[in-house]
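**Q** I'd like to ask you about the structure that follows.
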Amino acid sequence: MILANIDDYRTLARKRLPHFLFEYIDGGAFSEATLHNNQSDLQQIAIRQRVLRDISSISTKTTLFGQTFSLPLGLSPVGIAGLNARRGEVQAAQAAEEAGIPFCLSTVSACSIDEVRAGVNNPFWFQLYMVRDRGFLREMLARAKAAGTNTLLFTVDMPVPATRYRDMRSGLSGGSLLQRKLTRVGQVLTKPHWAWDVGLLGRPHSLGNITPILGDKAGIDEFWSWLGANFDPTVTWADIDRIRAEWDGHFIIKGILDADDAKQAAAIGCDGLIVSNHGGRQLDGALSSIKALPRIADAIGDDLSLILDSGVRSGLDIVRAMALGAKMVMIGRPWVYALAARQKRGVKEVIDIFAKEMRVAMALSGCTRVEDISASMLENHQT
């Protein structure tokens, strides 16, 4: 099939992945209202079309946290993304590096931080959860520092696991242990491409950064059990403040939707915030990220760099988000769809699609530099 946009990569990923893996990527919490609104609210933002301006030279380069990137776009951390292609996180990190944009590795990746670091030339961003096992947390901070990581994303919107009906129905989390295993095996047998590329050639199958805790033979069920037991509902701003004191690099909090929370993050010395509702995978009914963005931007001004995550599906969405105060956007599902569909090549293709779409949006709105994107480019920026 001809792949023109993100929806096409999603379609191909659905054809190639076992059902439980696709549903894990694609689904959200409860009725998935917030998942839907993340995209629909972005699409309702109209950009002013401007004509007869010199747009012969357009630059999408941007600088953030002391680094220059080819595009104000990053690859968000996605749990067990490495199961969607052979050693998947390594391939995605390589694609991002070659494209000149940041890649962020999840704490719960399929490939370990050391394996991914060995596959690229330069350090990448790393994401961390506050878990009950503080020894594990300190160890991950140390491993991130040893890998040269200078930018830490700390996810704060998962003190408890959300209910995701798709995962329950697909055999990922619902039913008995035997039911789940039989269901997943049956799904794998219907996807020979994945079974060969990942199931056989993608060995060893481990759980990346938590392998030292669970062992080399632990599988998805052990992973969910450990993750569920280690969510920490007691975590407060004081805990985040202590982590900030221990980290001497750039510190970004991911999962902020409320302006008062944004002010609190600024008070503890964060360098940036990711305005995100976890892709609609946590609190269903929460604001879409793009609706939350202007309030947060107004609340903190220029004190922190804002990044938008959740719902971004095009280069046009990048322009929309930046016009409302974001310095960069991050994508999760799009790069994982691409990875599942066409491996590293697919991720590079999707990044290129975003870049081309962004250039067109900038050109037709009369803007030639990222620094010039502002609310004045919008027909109505009241979200």
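The values are calculated or read from the model by the stated rules, or taken from the named source; none is laboratory data. All values derive from a computational prediction rather than experimental measurement. Every residue, glycine among them, receives a Cβ derived from its backbone with ideal geometry; neighbour counts consider all protein chains shown. Remember, those area values only see protein heavy atoms, side chains included, never the ligands or the DNA or RNA. Shrake-Rupley method; radii C 1.70, N 1.55, O 1.52, S 1.80 Å.
**Q** Report the Cα-based extents of the chain along its three principal axes, largest first, to the nearest Å.
**A** Ordered largest first, the chain gives principal extents of 63, 51, 42 Å.
**Q** Another question, then. For the chain, give the magnitude of the charge dipole about the Cα centre (Cβ charges: +1 Lys/Arg, -1 Asp/Glu; no others), in debye to the nearest 20.
**A** On the way: 43 positive and 41 negative charges, 244 e Å.
For this selection, approximately 1180 debye.
**Q** Further question on the same structure: Counting only Cα atoms, I'd like the Rg/Rh figure for segment 269-320, Kirkwood definition for Rh. Walk me through the numbers before you get to the answer.
**A** On the way: Rg = 11.5 Å, Rh = 11.8 Å.
Rounded to two decimals, Rg over Rh is 0.97.
**Q** For segment 317-383, evaluate the Debye formula with one uniform point scatterer on each Cα (no solvent term) and list log10 I(q)/I(0) at q = 0.11 Å⁻¹, rounded to two decimals.
**A** -0.31
**Q** Rounded to the nearest 10 degrees, what's the angle between the helix 289-300 long axis and the longest principal axis of the chain, both from Cα atoms, 0 to 90?
**A** Long axis of 289-300 versus the principal axis of the chain: about 60 degrees.
**Q** Hey, another quick one. Would you calculate the convex hull of the Cα atoms in segment 49-141 and tell me its volume per residue in Å³? Please list the in-between numbers first.
**A** Numbers: hull volume 14.2 nm³, N = 93.
In segment 49-141, the Cα hull volume divided by residue count equals 153 Å³.
**Q** A 20 angstrom limit on the alpha carbon distance is what I want to check against. Which of K217/K254; K291/K327; K254/K356; K263/K291 exceed it? Each step should come with its number before you reach the end.
**A** Details: K217/K254 31 Å; K291/K327 16 Å; K254/K356 27 Å; K263/K291 17 Å.
Where the Cα-Cα span goes over 20 Å, the pairs concerned are K217/K254; K254/K356.
**Q** Taking a ≥ b ≥ c as the square roots of the Cα gyration tensor eigenvalues, with a/c under 1.5 meaning rounded and otherwise prolate when a/b beats b/c, else oblate, which class fits segment 97-145? Intermediate results must be reported in sequence, preceding the final value.
**A** Details: a/c = 2.43, a/b = 2.10, b/c = 1.15.
Judged from the Cα gyration tensor, segment 97-145 comes out prolate (a/c at least 1.5, a/b above b/c).
**Q** Which shape class applies to segment 1-50: rounded if a/c is under 1.5, otherwise prolate when a/b exceeds b/c and oblate if not, where a ≥ b ≥ c are the square roots of the Cα gyration tensor eigenvalues?
**A** Because a/c hits 1.5 or more and a/b fails to exceed b/c, segment 1-50 counts as oblate.
**Q** What net charge do the residues around C270 carry, taking every other residue with its C-beta under 13 Å from that of C270, with Lys and Arg at +1 and Asp and Glu at -1?
**A** Working: positive: R244, K254, K263; negative: D241, D261, D271, D303.
With Lys, Arg at +1 and Asp, Glu at -1, the neighbours total -1.
**Q** Which far-off residues, 5 or more places away or on another chain, put their amide H under 5 Å from the one on I47, with H placed in the peptide plane?
**A** E379
**Q** Can you give the FRET efficiency for R242 and I213, using 1/(1 + (r/R0)^6), R0 = 25 Å, r = Cβ-Cβ distance, to the nearest 0.05?
**A** Calculated value: 0.70.
**Q** Taking the solvent-accessible surface of protein heavy atoms with a 1.4 Å probe, what is the per residue accessible area of segment 17-113 in Å²?
**A** Values: 3510 Å² over 97 residues.
Using a 1.4 Å probe on heavy atoms only, each residue of segment 17-113 averages 36 Å².
**Q** Between A142 and L52, what is the FRET efficiency for a Förster distance of 41 Å, r being their Cβ-Cβ separation, to the nearest 0.05? Walk me through the numbers on the way to the answer.
**A** Numbers: r = 57 Å, r/R0 = 1.38.
Between A142 and L52 the formula returns 0.10.
**Q** Hey, what angle do you get for helix 88-99 against the long axis of the chain, alpha-carbon based, 0 to 90 degrees rounded to 10?
**A** 20 degrees
**Q** What Kirkwood hydrodynamic radius, in Å, does segment 160-315 give when the mean of 1/r is taken over all pairs of distinct Cα atoms and then inverted? All intermediate terms of the calculation are to be shown ahead of the outcome.
**A** On the way: mean 1/r = 0.0534 Å⁻¹.
After inverting the pairwise mean of 1/r, the radius is 18.7 Å.
**Q** Roughly what percent of Cα-Cα pairs across segment 216-265 reach past 12 Å?
**A** 75 percent
**Q** Just to confirm a number: summing +1 for Lys and Arg and -1 for Asp and Glu over residues other than R50 whose beta-carbon lies under 13 angstrom from that of R50, what do you get?
**A** Working: positive: R48, R53; negative: D54, D372, E379.
Local charge sum for R50: -1.
**Q** Also: Could you tell me what percent of the accessible area of the chain is made up of carbon and sulfur, with a 1.4 Å probe and every protein chain present? Numbers along the way, then the final one.
**A** On the way: 8080 of 16000 Å².
For the chain, the apolar C and S fraction of the accessible surface comes to 50 percent.
**Q** With N set to the number of residues, divide the alpha-carbon radius of gyration of segment 254-383 by 2.2 N^0.38 Å and report two decimals.
**A** Details: Rg = 15.1 Å, N = 130, 2.2 N^0.38 = 14.0 Å.
Here the Cα radius of gyration is 1.08 times the empirical estimate.
**Q** By how many nm would the segment from D114 to E349 lengthen if fully extended, with 0.36 nm per residue of separation less the alpha-carbon distance? Each step should come with its number before you reach the end.
**A** Details: separation 235, 0.36 × 235 = 84.60 nm, distance 2.59 nm.
Extra length from D114 to E349 when fully extended: 82.0 nm.
**Q** In degrees, nearest 10, range 0 to 90: what is the angle between the Cα axis of helix 220-230 and the longest Cα principal axis of the chain?
**A** Rounded to the nearest ten degrees, it is 70.
**Q** Let me ask another. Cβ under 13 Å from V188's Cβ, V188 left aside: what net charge do those residues give with Lys, Arg +1 and Asp, Glu -1? Mind showing how you got there, number by number?
**A** Details: positive: R16, R180, K181, R184, K191; negative: D197.
Net charge in that neighbourhood comes out at +4.
**Q** Just to check I understand the Karplus step: with θ = phi - 60° and J = 6.51 cos²θ - 1.76 cosθ + 1.60, what whole-Hz values come out for segment 264-280, glycine and proline as x?
**A** So the Karplus estimates, Gly and Pro as x, are 5, 5, 5, 5, 8, x, 5, 8, x, 10, 10, 6, 7, 10, 6, x, x Hz.
**Q** While we're looking at this one, here's another question. Taking loop as defined by DSSP and a crowding limit of 16 other beta carbons within 10 Å, which trypsin sites (Lys or Arg not before Pro) in segment 19-101 fit? Present the calculation step by step, with values, prior to reporting the outcome.
**A** Values: sites: R48, R50, R53, K61, R86, R87; in loops: R48, R50, R53, K61, R86, R87.
When the trypsin sites (Lys or Arg not before Pro) of segment 19-101 are filtered for loop state and at most 16 Cβ neighbours within 10 Å, R48, R50, R53, K61 remain.
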